[in-house]
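Visitor: Got a structure for you, written out below as structure tokens; questions coming shortly.
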Amino acid sequence: MSLTQEQVRWVAHLARLDLSEAELETLTRQLRPILEYVDQLQKINTDNVEPLAHPLPIHNVFRPDEPAPSLPVDEALRNAPDRRANFYGVPAVLE
């Protein structure tokens, strides 16, 4: 796929990027081989390849979710910088 500077300018416009002529030239030169590689990958025959969510066989490694007692309020709020009764104190956010 051949990438022109006008195409890069249009994509920059869509992304709301204000690029100088030097930046446009640099990006065009850098993006061209990337798009050529993607074009090369699209030519690979993948008819008999199953889609994968992950290349390696993985499984759930989380522990079972079992109910447990909560921390006591005093212990949970022990290091709170601003404690108000049984709650964390935070500044008011008003407009």
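The values are calculated or read from the model by the stated rules, or taken from the named source; none is laboratory data. Because the structure is predicted, anything quoted here is derived from the model rather than measured. Cβ placement follows ideal geometry from the backbone for every residue including glycine, while neighbour counts extend to all protein chains displayed. All accessible areas refer to the heavy atoms of the entire protein, side chains included, with ligands and DNA or RNA removed. Shrake-Rupley method; radii C 1.70, N 1.55, O 1.52, S 1.80 Å.
Visitor: In region 52-92, which residue that is of a type in the set (A, V, I, L, M, F, W, C) and modelled with pLDDT under 90 is least open to solvent (accessible area, probe 1.4 Å)?
Guide: Among those that are of a type in the set (A, V, I, L, M, F, W, C) and modelled with pLDDT under 90, it is 92.
Visitor: Now for a separate question. Given the criteria open to solvent by less than 80 Å² (accessible area, probe 1.4 Å), on the phi < 0 side of the Ramachandran plot, without any contact (Cβ under 8 Å) to a residue 60 or more places away in the chain and hydrophobic (A, V, I, L, M, F, W, C), does residue 22 qualify?
Guide: When the stated conditions are applied, residue 22 passes them.
Visitor: Would you mind stating whether residue 60 is assigned to a loop (DSSP other than H, G, I, E, B), among the polar types (S, T, N, Q) and under 24 Å from the mean Cα position of the chain (by Cα)?
Guide: yes
Visitor: Something else about it: Restricting the search to region 25-48, which residues are closer than 14 Å to residue 5 by Cα, polar (S, T, N, Q) and open to solvent by 90 Å² or more (accessible area, probe 1.4 Å)?
Guide: If the condition is that a residue be closer than 14 Å to residue 5 by Cα, polar (S, T, N, Q) and open to solvent by 90 Å² or more (accessible area, probe 1.4 Å), then 30 is the only one that fits.
Visitor: Still on this structure, please answer the following. Of a type in the set (Lys, Arg) and on the phi < 0 side of the Ramachandran plot: which single residue out of 16, 63 fits that description?
Guide: Step by step, each of 16, 63 is checked, and only 63 is of a type in the set (Lys, Arg) and on the phi < 0 side of the Ramachandran plot.
Visitor: Quick test for you: out of 85, 80, 92, 76, pick the one residue that is at positive phi and of a type in the set (Gly, Ala, Ser).
Guide: On inspection, the qualifying residue turns out to be 85.
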